[in-house]
Every structure is written in structure tokens, then in C-alpha cells.
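Everything on this sheet refers to the single structure shown next.
The values are calculated or read from the model by the stated rules, or taken from the named source; none is laboratory data. Treat the numbers as computed from the prediction; the structure is a model and nothing was measured. Note that we place each Cβ from the backbone using ideal geometry, even for glycine, and neighbour counts take in every protein chain shown. Side chains included, ligands, DNA and RNA excluded: accessible areas come from the protein's heavy atoms. Shrake-Rupley method; radii C 1.70, N 1.55, O 1.52, S 1.80 Å.
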Amino acid sequence: MIRQLSIQGLAIIDSLEIEFTPGFNVITGETGAGKSILIRALNFLAGGKAVSDVVRQGFDAAVVSGEFEVLRDHRAVEVLERLGIPLPEGKKITLLLRRLLHSKGRSQAWINDVPVAVPSLKLVGATLVDVFAQHENQRLLHAESHIDYVDSFIGNPKQRAMVSEIGKAVSDRLLDLKQRLDSLEGGRRQSDYLSFRYEQLKEFAPSAEDYETVNAYCERAEAFRKHRDPLSAALGILEGSGEAASPGEQVREAAKLLPDLVRRQRLLACATEIDDVGFDLGRQLQSMDFDEELLNTSQARLFGYQDLFRKHGVRAIPGLLEELKALETQLSDIHGASDSFLAELEALHSDALLLKKACAQLSVARLQAAQNIKHEVEGQLAELHMPGCIFQAEFEAIDRTLPNLRWEGLETSLCEKWEAIRPLLQSVSSEGSERAQFLLSANPGEPPLPLAKVASGGELSRIMLALKKALAADAETCVLVFDEIDSGISGRVADVVGRKMRELASTVQVLCISHLPQVAVYADCHFLVTKKGKGDRTQSSILPLSEEESAREIARLLSGRDVSSTSLANAKQLISSARGKSGGKALKAKSPSPQPV
């Protein structure tokens, strides 16, 4: 159950705290007073979508928190343990959910003061709060939703989960098979080009060691060349060229012409120094020699690497090696596709058989669930003044649309294998092997027809209530919330709806926003929502009503804005009658002082 709901800065709410009773809580008020904001707050707290414009003007953020109490074996506990949220010991567990929405759109959430992501909050919220608004009745008009209602009556929910899990595996295999076939078709169209690229790479035989060797030799030869050329030019001058004498020889000839011994010796010393420098240059050049032919080969090899880098869009040897492997795989898939696809089809067939078996078991469970729905709902509808009506689920086998798989160019056995599997796959899906549609005959003698064709608004409300009443015994939620789903109902039927709501509240906590006095009289706790202007702003208030105040509010619902002594007497008579029918006690309420909303 939800014990307390606290709201700050949401829509037209400044600050609000509501304490609910464990049983049947009814919320009434004039149209536009703000009753639906409570539903919006509960949806927001349970992880529903929210936009920043719901933050009240003047507030930095909207904050909603709720205190829930669950038993240790409740489904919420399993979800919380899976999320790793620590829980207190004891048979009963208190859960505090809190969510904050900043005016700039950022959302935060906590469970028992542990920060959680909003999707995690939504997982937990789905086990705690079940909201049924007026649009939920309209959902009954859409046949595609009916199978979900049928499945909610199945005793073992793991049957649907198993079908969903195996069905997803089959769909994944189908998608992968289609993608591979599409890729293969594209590959076959460019098989020659792929072969050319592969053979070019394979013939070149790139390797990291080879690349390092030729690159290093070219760099070393280039470095030698940069130093050798100026040294070689200098040595050529010192050695002379052609018929011209070398500088050393010319200096010696000049020395012979000098009569001065000292100067002659100095010139001879210079000539000797010139010869020594030339000798050193020659020896150094010999050590810097390299193989021109090997250099040409290495440069050609290096240019080949650079050309391959450019063609394949890579920058280093590992990229070339990966490309070589990828091309080899693609060509292998093209030339050896039949064996690979045969294995895929065998695995797909195996999964499809498993899915068929699981769907068959689910179908049996659905047929039994449909019988239970018919029995329970027709019984409830008879009490809701629809005697003799027929309500049943009609099943139709699905004919699933499969992806178009192209087997051209492959072995014919593959196409034959696929054609053998196709009918099996068309008859099953992740939702089972059938779809459901609810049929209704509200008048004896009339054939049952789809709800969308024959059900009125009031009948839809009663059917929805009957479904929820039938499911209440096994309900795993904490609180059922009804937002005026009694639309289109009045008079004696409204009285029965109120009694049914009260019966529901014996197994699960119920919050009901209603405009019907016949429903409000069955409340364990009655709240009134009003809206007033305060300065230039609008505010709502909510207060739990005492027994006398509840009677006056019910009198207003009966007669309109003005409460007369007659309408008040009628209201008290309705309350007394309702307590007699339901065995209820006097209405209990908190302090009647209004709380700002």
C-alpha cells in the first residue's frame, strides 16, 4: 500500500502531503479543481515521462515522494534486490521513492535514499502502482491489446516470458541471416574487384619486418647521400681532374721556384697537409659506400607499401594485414557460402521448433485463461446490471510476414531448406502463435461482436472494472488507481460499481477519482480537492473529510453546487445503505483542516 504521498512544486501544487488509508480511498471535487494532478504525480513517481513545464512557476524543481509498504515476498523486493538496493529486515518492508525534476529538464530519482536511474525507478514503480485512466477504457477498443489482457489471466507468467525470449532469438537469427545474404549479394557483384585487391596484397606479401628493413635502408642511404655528395665534391677538387694538377702538386711546384728555404719548407708542409686531408676524405667516402641496386629495389618496395596504404585507406602495416584477412574472409564467404548458410538454417530450424513448442504450451494456457475470463467477467457484468451478456475471447492464428531472403547464386538445397522452414516461422512469433479479440453481446439473442463495434462508454467502464476485479485476487501491485473510469455510468449501475470498488479494496489498496456519489459513499477515506485564486495565482487544496463533511460533499454531487436539506438527507441515506451492503464502518478521516496544494 501507499501510506503517504508528498508533492512540492508540481503543476498548480505548492506543497502537499496526503496520508491514505489501506482500503478504499475516494477523491472528489469539481471539474478542473486539480484531481488529475494526483494521478500525474503518481505516474511521475513511478518513473513515467515528465517535461519541465510541469514544474510550478517560481520553483526550481518539482519533487514527488511516496512511502510504500510491501511484504517480503512482493515482486518489488525481487526487482530491488536485482538492482542492488539494500533493504531492511522484517516481514514488512517500507520503501521510500523520491523523484525530482529540475525546471531545466534534468531528472533525478532515489529509492530508500539510494540514487537510481529513472529506468530503474520505472521497473520498481511498475510493481507498486497500476493506474487506469479514462483512456484505458478506450484501449479495450483496440484488438491488438486484448492478447495482453488474456495473458494477465495466465497462472504462470513465465510461459509468455519464455515465448518472448525464444522468439527474440529467432528474430535475431533471421535478421543476421538477411544481413549476411545482403552482404553476400553485394560481395558477389564485386567479386572480381575483391579478388584483384586480395591477389595484389597477397602477392606483395606485406610484413612488419620487411617494411622496417626497407624503410631503414632507404633512410640510411639517404642520410649517407646527404653527407657523401659534398665530401666527394671536395675530394674531387683536392685530387684534381683531367690534365690539371692537384692543389698539392701545384703547391710543390710553387715551392721549387722559391729561393728562400724557409718559405719553400712552409709550402711543402702545406702540400703534405693537403694530401693528408684528401686521404682522410677518400677513406671516409669508402666507409659511406652503399649498394645502389639494393637501394633502388628498397625504394621501389617502399613506394609499393605507400601505394597500398593509399589504396586501402590505412596508415600502417597492421591495417594492411587486417585488410588482407578481411578480403580473405569475404572471398571465403562468397565461395564457401553454401556450407555456412546451411548451418545457419539448421540452427534457425532448431530454434523455430523450440518456439513452436513454447507457443503451443502458451496457446493451451491462453485457452484456459479465456475460459476463466469468460466466467469471471460475465459473472461480474451480471452484477453490474448486464445480465445475460456474453463476453469472450476469440483467437486467430497469426500469419507472420518474414524478411525477403535472396538465395540466387547459391545451391538450390538452401532455398529448398528455407521454403521448408518458412511456414513454421510464419506461424509463430515472440508474442505467441495467435492474436486475440474480445467479443461482446450485451443483449440476449444477439451474436457476440468485436467490442469496437458494439460496446458503449458505460459498458467499456464496466468491462474494465470486471477485468480488474477478476484479476485482483492475484494482483501483485500495491495500489490500483482509477481516474474516472466510471465515466458513462449512473444510477443503480453506479452503486454496483462503488460496491465492486470496495470489494477490490479488500485485497488491494484502491485510489479512485470519481464524480459519482454512488461510488463515494463506499469510501473508507474521502478526500475533497478544491481550487481557489490567491492573488494572481491559482492554488488547489485537498482535505480528508470527516463523516459529516463527506455527507455534504456527496449531497453536492447529488444535487449540484447548492446543498439542500433534502440532498443531505439523501446523501446520508446512500451512505447508510452502502455500509449495510458492504459491512462498512463509519468513515474515518484525519484532521479536516485543508492542506495547500
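Quick look at the values:
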{"quantity": "Out of Q371, Q380, sole residue that is within 24 Å of L439 (Cα to Cα) and surrounded by 14 or more Cβ atoms within 10 Å (Cβ to Cβ)", "calculated": "Q380"}
{"quantity": "Residue tally, condition of a type in the set (D, E) and open to solvent by less than 30 Å² (accessible area, probe 1.4 Å), over the range 1-41", "calculated": "0"}
{"quantity": "Those strands (runs of 3 or more DSSP E) lying entirely in the range 484-549 with at least 3 residues within 38 Å of the chain's Cα centre (by Cα) and farther than 30 Å from G58 by Cα", "calculated": "509-513"}
{"quantity": "Single unsatisfied condition, L95 versus (1) crowded, with 17+ Cβ neighbours inside 10 Å; (2) assigned to a loop (DSSP other than H, G, I, E, B)", "calculated": "(2)"}
{"quantity": "Residue in the range 114-126 that is polar (S, T, N, Q) and free of Cβ contacts under 8 Å to residues at least 12 places away in the same chain present", "calculated": "no"}
{"quantity": "Subset of the range 369-382 (residues that are under 36 Å from the mean Cα position of the chain (by Cα) and free of Cβ contacts under 8 Å to residues at least 24 places away in the same chain)", "calculated": "Q371, K374"}
{"quantity": "Selection count, the range 246-269, where residues are farther than 18 Å from G236 by Cα and part of a helix (DSSP H, G or I)", "calculated": "14"}
{"quantity": "Residues of the range 324-344 classified as small (G, A, S) and either in contact with a strand residue (DSSP E or B) (Cβ under 8 Å, 6 or more places away or on another chain) or at pLDDT 80 or above (or both), total", "calculated": "2"}
{"quantity": "Any hit, the range 509-529, residues being modelled with pLDDT under 85 and either open to solvent by less than 40 Å² (accessible area, probe 1.4 Å) or more than 21 Å from M464 (Cβ to Cβ) (or both)", "calculated": "no"}
{"quantity": "Q437 vs. criteria in contact with a strand residue (DSSP E or B) (Cβ under 7 Å, 6 or more places away or on another chain), open to solvent by 30 Å² or more (accessible area, probe 1.4 Å), modelled with pLDDT of 85 or more and more than 25 Å from G125 (Cα to Cα)", "calculated": "yes"}
{"quantity": "Qualifying residue in the range 446-462 (condition: open to solvent by 10 Å² or more (accessible area, probe 1.4 Å) and in a strand (DSSP E or B))", "calculated": "yes"}
{"quantity": "Only listed residue being within 29 Å of P517 (Cα to Cα) and either crowded, with 19+ Cβ neighbours inside 10 Å or in contact with a Leu (Cβ under 9 Å, 6 or more places away or on another chain) (or both), chosen from F44, F59", "calculated": "F44"}
{"quantity": "Single match in G242, G236, G278 (criterion: in contact with a Leu (Cβ under 6 Å, 6 or more places away or on another chain) and either in a helix (DSSP H, G or I) or modelled with pLDDT under 75 (or both))", "calculated": "G278"}
{"quantity": "Residue satisfying condition, being modelled with pLDDT of 80 or more, more than 20 Å from L5 (Cβ to Cβ) and loosely packed, with under 12 Cβ neighbours inside 10 Å, within set S577, S559, S565", "calculated": "S565"}
